[in-house]
Each structure stands twice: as structure tokens, then as C-alpha cells.
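Reviewing the structure listed below.
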Amino acid sequence: MTHSTGKPRSFPWRASMALPTRLSRRPTAITLPGQDTFIQLAGDSAEEMLKVRDIAMPLNFTGIQRRNPTFETSKYPSTRMGLAAQLRQAFMDAQEYANKWARYEKKKAGTEDQDKSPEPPKRDLKLEALLPYLRGQKPVVLAAEEPNDLRTALDLAQEFHLKVILNHVTHSASLLDQIASTGFPVIVGPIYEAPKEWERYDAVFKLPAELAKRGVKIAFASYDAHRVRDLPYAAGYSAGFGLPHDEALKALTLNPAQIWGVDKDLGSLDTGKIANVVVANGDPLDVKTDVKHVFIAGREIPLASRQTELRDQYSQ
């Protein structure tokens with residue numbers, strides 16, 4: 001897009017994670033924990049706001065999940081191997097559960113006498129919840145930050161033929177070519193983290209640009225509630241480290257809509273799509289830009305909030 005200061009300009013916002021309060025006013029979001037759910041952040045009822053229930057499943061493969069601050073208090077799984085074994089066992093159990101039901105349905109179909117119909121397997125809702133992901137019907141959002149975690153997680157995904165959206169990969173610049181070879185999209189961020197001792201000073205900041213250069217579809221996310229307002233500026237920061245401006249804007253709009261499979265209705269300003277539109281007075285990636293109007297599903301949303309009240313009070 002062409003930068004134009006002073007005049008309002010409109011742009012569609014993304015359908016992924018949380019959007020910044022100050023700039024975009026969050027037309028849509030992916031909510032978690034639990035199975036990810038896609039919602040619209042305005043509506044007359046919860047039913048109207050809910051767009052896609054259980055759109056994806058987060059599968060976190062980071063140090064936080066290993067729960068071992070000290071060996072005295074650590075709990076299983078306290079190692080990368082333990083975490084991989086736990087996840088692998090869960091998928092194997094789900095596979096066996098699906099096989100049991102398949103065998104039952106086959107026997108049932110071959111039995112004409114209803115009095116001798118076979119006993120169905122015991123229902124297990126936890127394992128049933130995994131089946132759409134094992135069958136590739138829904139994506140798994142696979143979070144890993146460092147190379148060893150990412151390699152192990154990718155091996156797990158390959159073993160079970162999972163449909164994957166990669167998440168974070170913050171400190172895995174050494175695996176960029178391998179990431180690109182998978183064809184998986186990547187939710188990048190947060191990009192304000194300090195590099196590890198083995199990384200260049202700009203490794204984290206350049207990661208979105210390096211991924212996009214290799215043809216990887218990327219999207220930005222805020223992750224933490226206090227970072228919601230900074231989301232466009234993460235894209236702008238990445239643009240300062242080599243990500244083309246148009247690609248940075250796409251990583252906030254069309255790319256996330258495509259990644260989550262809702263681009264038929266969202267992600268760009270096209271005829272027939274839902275009218276989620278943000279009108280601002282400048283470049284959306286610029287911290288000096290202010291939002292003037294927000295429309296969600298064609299209805300203008302009031303922009304007054306505690307933050308705007310404080311801004312107005314102390315700017316006088």
C-alpha cells in the first residue's frame with residue numbers, strides 16, 4: 001500500500017489471535033487456551049460472535065511445558081524426550097481408539113441379528129477430540145522456539161501426518177530452509193525477544209523477513225494481553241529489518257485469513273466479503289497512526305474506551 005498521511009485510509013484486519021486495542025480495535029480474534037476458537041469481537045449475542053468453534057488445536061512444545069524449574073520439584077514430563085513420549089502416546093491412543101470404533105462398525109454392519117450385535121467400545125471424549133487432527137481435517141498449531149524442540153516436534157508431526165501451522169520458531173533461524181521445505185505457514189513472534197547467546201543480535205528481528213524470502217506464509221500474533229496494542233508495530237518493526245512493507249501488511253490481514261481458512265469472507269477488501277474495515281489516518285504499521293473508524297460486519301463500532309479517555313484527559 002502507498003503511505004498517505006493526513007487522509008483516512010482503510011484496510012481489512014486479520015482473523016488471527018488478538019488485535020491491538022489502540023490501532024485496530026480487534027475485529028476478529030483466535031482465542032485460547034483449549035482448542036482454538038475463532039470469534040468476531042462484536043455482536044448482539046455470543047452465538048453471533050462465535051464464527052468457528054474448535055478451529056485448531058494448540059500443541060505446545062516449549063520449555064514451559066517441561067515443568068522442570070528444579071529437579072527437586074519437577075513433574076513429568078520434565079525433559080524434551082518425556083514431552084515427546086507423552087504427546088506420541090496420546091496420538092497412538094487416539095489411533096487405537098479410532099481403530100476400535102472402525103472394527104465395531106464393521107462387525108455391526110455384518111450382523112443381521114440385532115440381538116447379537118457387538119458391544120460398542122467405551123466412549124472417550126478426550127481421544128475423540130484428537131481424531132479430526134489425526135485425520136488432517138483440522139490443523140494443529142505446533143509451537144516450538146528453539147531448534148532441538150522444533151526438530152522433535154516436526155518429527156512428531158511427520159509421523160502422524162498432521163496438518164500443521166507452526167508457531168513461534170523464534171530462535172530457530174538455523175532451520176529456516178527446513179521450515180520452508182515443510183510448506184507449513186508460521187505464526188511469528190513475539191519479535192521483541194532478546195537473541196540467545198548463540199544467535200546474531202538481529203536474528204529474532206530478521207526472522208519474519210527471512211521466512212518470507214523463502215516463500216513461507218507468515219502471520220503475526222500478540223500472544224500476551226498486554227502486547228495486543230503492539231501487534232501492528234511488530235509488523236512495522238519487522239519491516240525495518242527487511243520484511244517488505246506489503247508483506248508485513250499481508251501478515252496482519254490476508255495471510256492469517258488464509259492460514260485459518262476464512263479468507264473467503266475475511267482478510268481483504270473485496271466484494272462479497274464481511275465488512276470488517278478499519279479506517280486510519282496513516283500507515284497502519286506506524287506508531288503515530290490513529291484509527292478514525294472501525295466497522296465490524298458493516299456496523300460502526302464506538303471507539304471510546306478507558307485508554308482514549310486517559311489520552312484525551314492528559315493531552316489537554
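Among the conditions (1) modelled with pLDDT under 85; (2) open to solvent by less than 70 Å² (accessible area, probe 1.4 Å), the only one that Asp44 does not satisfy is (2). Across segment 237-248, not a single residue is classified as open to solvent by less than 10 Å² (accessible area, probe 1.4 Å) and in contact (Cβ under 8 Å) with a residue 60 or more places away in the chain. Would you be able to tell me the number of residues in segment 274-311 that are open to solvent by 50 Å² or more (accessible area, probe 1.4 Å), free of Cβ contacts under 8 Å to residues at least 24 places away in the same chain and under 20 Å from Tyr233 (Cα atoms)? Number satisfying all stated conditions: 2.
Please note which helices (runs of 4 or more DSSP H) are completely contained in segment 220-305 and include at least 1 residues that are basic (Lys, Arg) and under 23 Å from Ile165 (Cβ atoms). Full working, then the answer.
Details: elements: 231-240, 245-250, 254-259.
In segment 220-305, 245-250 are the helices (runs of 4 or more DSSP H) which contain 1 or more residues that are basic (Lys, Arg) and under 23 Å from Ile165 (Cβ atoms).
When the residues of segment 249-273 are filtered to those that are touching a residue at least 60 places away in the same chain (Cβ under 8 Å) and hydroxyl-bearing (Ser, Thr, Tyr), which remaining residue is least open to solvent (accessible area, probe 1.4 Å)? Across segment 249-273, the extreme among qualifying residues is Thr253. Within segment 157-174, the set of residues being assigned to a helix (DSSP H, G or I) and open to solvent by 10 Å² or more (accessible area, probe 1.4 Å) comprises Gln158, Glu159, Ala173, Ser174. Here Leu285, Leu310, Leu266 are screened, and the one residue that is closer than 26 Å to His226 by Cβ, of a type in the set (A, V, I, L, M) and touching a Gly at 6+ places or on another chain (Cβ under 6 Å) is Leu285.
The values are calculated or read from the model by the stated rules, or taken from the named source; none is laboratory data. What you are looking at is a predicted structure, and each value in this text was computed from that prediction instead of being measured. No Cβ is skipped: glycine too gets one built from the backbone with ideal geometry, and neighbour counts run over all protein chains shown. Heads up: the accessible areas ignore ligands, DNA and RNA and are worked out on the full protein's heavy atoms, side chains in. Shrake-Rupley method; radii C 1.70, N 1.55, O 1.52, S 1.80 Å.
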